[in-house]
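The values are calculated or read from the model by the stated rules, or taken from the named source; none is laboratory data. It should be emphasised that the depicted structure is a prediction, and the values quoted were computed from it without experimental measurement. Here the Cβ is made from the backbone with ideal geometry for all residues, glycine too, and neighbour counts use every protein chain on show. Areas reflect the complete protein model, heavy atoms only, side chains present, ligands, DNA and RNA absent. Shrake-Rupley method; radii C 1.70, N 1.55, O 1.52, S 1.80 Å.
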Amino acid sequence: MAAIAWLVAGILLVAAEMLTGDLTLLMIGVAALGTAGVSVAADTSLVVDAVVFAVITAVLMLGVRPVLRRRFGTPPPIPTNVDALPGKSALVLEEVAAHSGRVKLGGEVWTARPMNPDEVYEPGATVYVMKIDGATAVVWKGP
């Protein structure tokens, strides 16, 4: 009878893992299923079942779960749109000074200003986007 309870608990925990995605309930559910198997095979008492469950859970949580999280964890987000522009190079189309300028960045024309307000970049120069401030690219020619 205890084996059926372990089996049901294991199935419910594994199913509940789909709601969390943290792999915790999956490890506990697999431990419960393993305990159900041991309980059926060896006809063990509830105390032995509890010890088996604790050992299997500890092994899965400390040994298997970290490996699975590293392998299947979410990858770092890939910057898109404006967040992907810093670090890109741009071609100066119109003189870039403290209050005016245009650059061609990724096939689009952007208004630009230098990172250091004292600098001026001439047309044809290659600059690097340091950040995007609203609709203006803050650029720097580099060392």
Of all residues being among the hydrophobic types (A, V, I, L, M, F, W, C) and in a loop (DSSP other than H, G, I, E, B) in the range 118-135, which is least open to solvent (accessible area, probe 1.4 Å)? Just the residue, please. A125
Is there a residue being at pLDDT below 90, within 30 Å of I132 (Cβ to Cβ) and of a type in the set (D, E) anywhere in the range 16-39? no
Take the range 84-117 and flag every residue that is open to solvent by 70 Å² or more (accessible area, probe 1.4 Å), in contact with a Leu (Cβ under 7 Å, 6 or more places away or on another chain) and of a type in the set (A, V, I, L, M, F, W, C). V109
Would the range 43-58 turn up any residue that is among the charged types (D, E, K, R) and farther than 21 Å from L13 by Cβ? yes
What number of residues within the range 41-83 are exposed (fewer than 10 other Cβ atoms within 10 Å of the Cβ), among the β-branched types (V, I, T) and under 30 Å from M115 (Cβ atoms)? 2
Are there any pairs with C-beta distances below 6 angstrom linking a residue in the range 65-87 that is over 30 Å from V14 (Cβ atoms) to a residue that is open to solvent by 60 Å² or more (accessible area, probe 1.4 Å), with the two at least 6 apart or on different chains, and if so which? P86/K131
Within the range 89-104, is even one residue assigned to a loop (DSSP other than H, G, I, E, B) and outside the structural domain of A3 (by the TED database)? yes
